[in-house]
Each structure stands twice: as structure tokens, then as C-alpha cells.
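Rule-based calculations on the coordinates, nothing more; no lab input. What you see is a predicted model; the values in this text were computed from it and never measured. No Cβ is skipped: glycine too gets one built from the backbone with ideal geometry, and neighbour counts run over all protein chains shown.
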Amino acid sequence: MQITPHVYNMHIDDGATSHPGGSNNFFVGDPSEEMILIDTGDYEREWTRSILDYYDELGKPKITAIVITHGHGDHTGGLDRIQEVMQAPVRCHPKLVKHLQKLLDDEDAVVALKSRERIVTGGGVGLRALFTPGHEVDHVCYYLREDRVMFTGDTVLGASSTSVGDLAAYMKSLELLTKFKHDTICPAHGPVVPAPRGANLVRWQYEHRMGRERQVVAALEKGISEVSKITSDMYPKNLKKGLRPSAERNVNTHLRKLIKEESVEETPASFKLNN
Ligand SMILES: [Zn+2]
């Protein structure tokens, strides 16, 4: 479905199996001229089929580029089959280039993006590549200034909070996104978030994470020093059992960030016999 004058969304409902609110692939530009495709979905043939069917529906415009948000399988799985049909250059973060060249068995098909590069397409619009590590080191968000849309990949999701590898980098990436004025968030997973909520979602995510960090620091100030106990201090007593591991992972990620910033020190706290 059409989201804004230059954005078309192929939504796939894989929410029950893996992603709350389903997943999205976006075509950007003018269907009667040229378009850019963002991400190529998972390995499943059905997902690839859905992207190609939607491409047919749009009238098979010339594809200027296939741009990739990051290297995870649910974003690059269909790449070889889709590239075969669209015959378009694949653009991605420099750290992902080798992997995709191997995947396509073609060195010339993949070209590294430059930070802040603008990829021009039909309708007189273009996507600005914003390097946004955090969820993954090779993550790129794309900004469509003409429609005030931010394509956030897995950096900001529509219906859940994302997993973060490097929180310090992630927070910087969120800050970067707020510098590009947008009303609509087009995430890789979950529903599209339109105005007015879309304009504030990145800021909200940032504040939410900072709030968690303050809770971790508060627990440390009380002298609580183990991840499991910090988690108990921060989260409600009736936190569902299944959510506990991800809550602890979250606390751990915050501690890693604080260590990196040198405001927290890790000390080996227990000993056991080797046997
Ligand atoms: Zn994903």
C-alpha cells in the first residue's frame, strides 16, 4: 500500500512466528519512472514471492538500487533471487559488502555506501544513507527528506523495542536520527508509525533507554552489584518468567555501555575450583 507520495509498503504478516506486527519492505520513488527497494526479506520463498508480486503490481519500474539496512538473514535472505529479477546494484554498509558479494557470487553487484550519501531515484527524490550502528555494526537507516520519512530498519521498530549489541553506539545513532526532520517512521518490523507519533518515536526510544540507565545506576548506588539483583531492583516483582532473560540481557547491555564510558568497573566477584 502507498504510505506517502513516494513510499510504497509491501507488508508481510510474519508476526505470529517472529516479529510483532509483521515485517515490511519498501519501494521508494515513482512507479512510472524509477524506484529503490529497501531490503529483500527472509530466505522463505513465500516472502520473496510477495516482494516480486508487489513489484509486478507497481508495474515493474526500473530499480535504481536495492539498499540494505543490515546483514541479518531476514533482510538479505531473498537478495539473490530478487537481484536476478531486478538487475539493480546492491548498496550497503562497507562492513557488509564482502558478505553480500559472496552471497551473490558477484563482486561487481555490490557497492559500499558512503556515510550520508544520497541515492537518487524517480520522482525527483532520494534516500540519504545514515550509518547507525547499535542493533548491528553494519546498520544503515535511510532518510527521505521530500516526504519526511525515516526508514529505521531494525534500529527503531513499530511495535516492540529492538535488540541492541552496542548500546553506546546505539544511543549515538538515535541522536543522529533526531537531527533529520521526519513525521513518519517506516520500520523493518511492526506497523508504520505515522504523524504525530512518528515524529517523536526516536526521541521516545532514546528517553526510554536513558530512563533504564538511570535505574541501573540507582541500583549500583544502593550497592547492588549482580546483574540478577539489579534486574530484580528495576523491574516489577511480577515480571513474567519468560521476560526475565531478556530483562537481564538488557541490564547487561546497559552495564557494558557504562563500562565503556568508564563510569562503571567490572570486578571478578566469585571463585570456584577447577575440576
Ligand atoms: Zn530484522
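Worth pointing out:
- Top of ASN250, ASN238, ASN200 by mean-square fluctuation, Gaussian network on the chain, Cα under 10 Å: ASN238
- Note on the chain: GNM, Cα springs under 10 Å; of PRO94, PRO191, PRO236, the largest mean-square fluctuation is that of PRO236.
- Taking amide H atoms as placed 1.01 Å from N in the peptide plane, the amide H of ALA65 lies under 5 Å from those of LEU37, each 5 or more residues away in sequence or on another chain.
- For segment 1-101, a/c is not less than 1.5, where a ≥ b ≥ c are the root eigenvalues of the C-alpha gyration tensor, and a/b does not top b/c. That puts it in the oblate class.
- ³J(HN,Hα) computed for each position of segment 25-38 - Karplus, 6.51 cos²θ - 1.76 cosθ + 1.60, integer Hz, glycine/proline x: 10, 10, 9, 10, x, 10, x, 8, 10, 9, 9, 10, 9, 9
- Antiparallel content of DSSP bridges confined to the chain, in %, to 5: 65 percent
- Charges were assigned to the Cβ only: +1 to each Lys and Arg, -1 to each Asp and Glu. The resulting dipole of the chain about its Cα centre is roughly 1140 debye.
- Shape call, the chain: gyration tensor on alpha carbons, a/c limit 1.5: prolate
- Under 5 Å between amide hydrogens, built in the peptide plane, is the criterion, and for LEU58 it picks out nothing among residues at least 5 positions away or on other chains.
- Counting only DSSP H runs of at least 4 residues, each contributing -39500 (n - 2.57), and dividing by the residue count of the chain, the helix-based mean residue ellipticity at 222 nm comes to -10500 deg cm²/dmol.
- About the Cα centre, charge dipole magnitude for segment 1-157 (Lys/Arg +1, Asp/Glu -1 at Cβ), debye: 640 debye
- Extension gain for ARG249-GLU266 works out to 4.5 nm (0.36 nm per residue, less the C-alpha to C-alpha distance).
- Remark: for residue pairs LYS95/LYS241; LYS102/LYS179; LYS98/LYS260, the C-alpha separation exceeds 31 Å in LYS95/LYS241; LYS102/LYS179.
- The relative contact order of the chain, computed from alpha carbon pairs under 8 Å that lie at least 6 residues apart in sequence, is 13 percent.
- ³J(HN,Hα), Karplus 6.51/-1.76/1.60, whole Hz, each residue of segment 186-201, x for Gly, Pro: 10, x, 6, 10, x, x, 4, 10, x, 5, x, 5, x, 6, 10, 5
- Here segment 210-260 is assigned +1 on the Cβ of each Lys and Arg and -1 on the Cβ of each Asp and Glu. Its dipole about the Cα centre then comes out at about 200 debye.
- GNM result for the chain, Cα springs below 10 Å: residue of ASP53, ASP183, ASP105 fluctuating most strongly: ASP105
- Summary value for segment 210-260: 39 percent relative contact order, contacts being C-alpha pairs under 8 angstrom separated by 6+ residues.
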